[in-house]
Amino acid sequence: GRVEIVNGELTINKVQQTDSGMYQCVAENKYGAIYSNAELKILASPPVFVPNPIRVIATLGKDVSLECKPRASPKPRITWKRGDRRVQPNKR
């Protein structure tokens, strides 16, 4: 019930992140067909992690990197916590 097509106009109600992508309109009659493309980008969406959680195995005494790459729009501010405490950068 979120998608409607009336008189050739496509309407998506309560647009969601999963609605983003390429759409194609096809107009055809007995003389031929013509195509038009449209890209739908969602400009505002909450942060989403895929996949979650991420597990990392590290060797004692070696370096390790933990990635944080959520999908969101606008770009989110990233902070790290360990338990209830915020992780602060240091010179180690």
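The values are calculated or read from the model by the stated rules, or taken from the named source; none is laboratory data. These figures come from a predicted structure and were not determined experimentally. Please note that ligands, DNA and RNA were not included when accessible areas were found on the heavy atoms of the full protein model with its side chains. Shrake-Rupley method; radii C 1.70, N 1.55, O 1.52, S 1.80 Å.
The alpha carbons of the chain give a radius of gyration and a Dmax of 22.4, 72 Å, in that order. The number of Lys pairs in the chain with C-alpha atoms less than 18 Å apart, excluding pairs fewer than 8 positions apart on the same chain, is 5.
If the segment from Glu28 to Phe49 were pulled out straight at 0.36 nm per residue, it would be longer than the present Cα-Cα gap by 3.4 nm. Couplings 3J(HN,Hα) of segment 64-71, computed from phi: 9, 10, 10, 8, 10, 10, x, 8 Hz, in residue order, whole Hz [Karplus 6.51 cos²θ - 1.76 cosθ + 1.60, θ = phi - 60°; x for Gly and Pro]. Using alpha-carbon pairs under 8 Å, 6+ residues apart, how would you state the relative contact order of the chain in percent? Over the chain, the number comes to 18 percent. Rolling a 1.4 Å probe across the protein heavy atoms gives the chain an accessible surface of 102 Å² per residue.
Share of carbon and sulfur in the accessible area of the chain stands at 52%, probe radius 1.4 Å.
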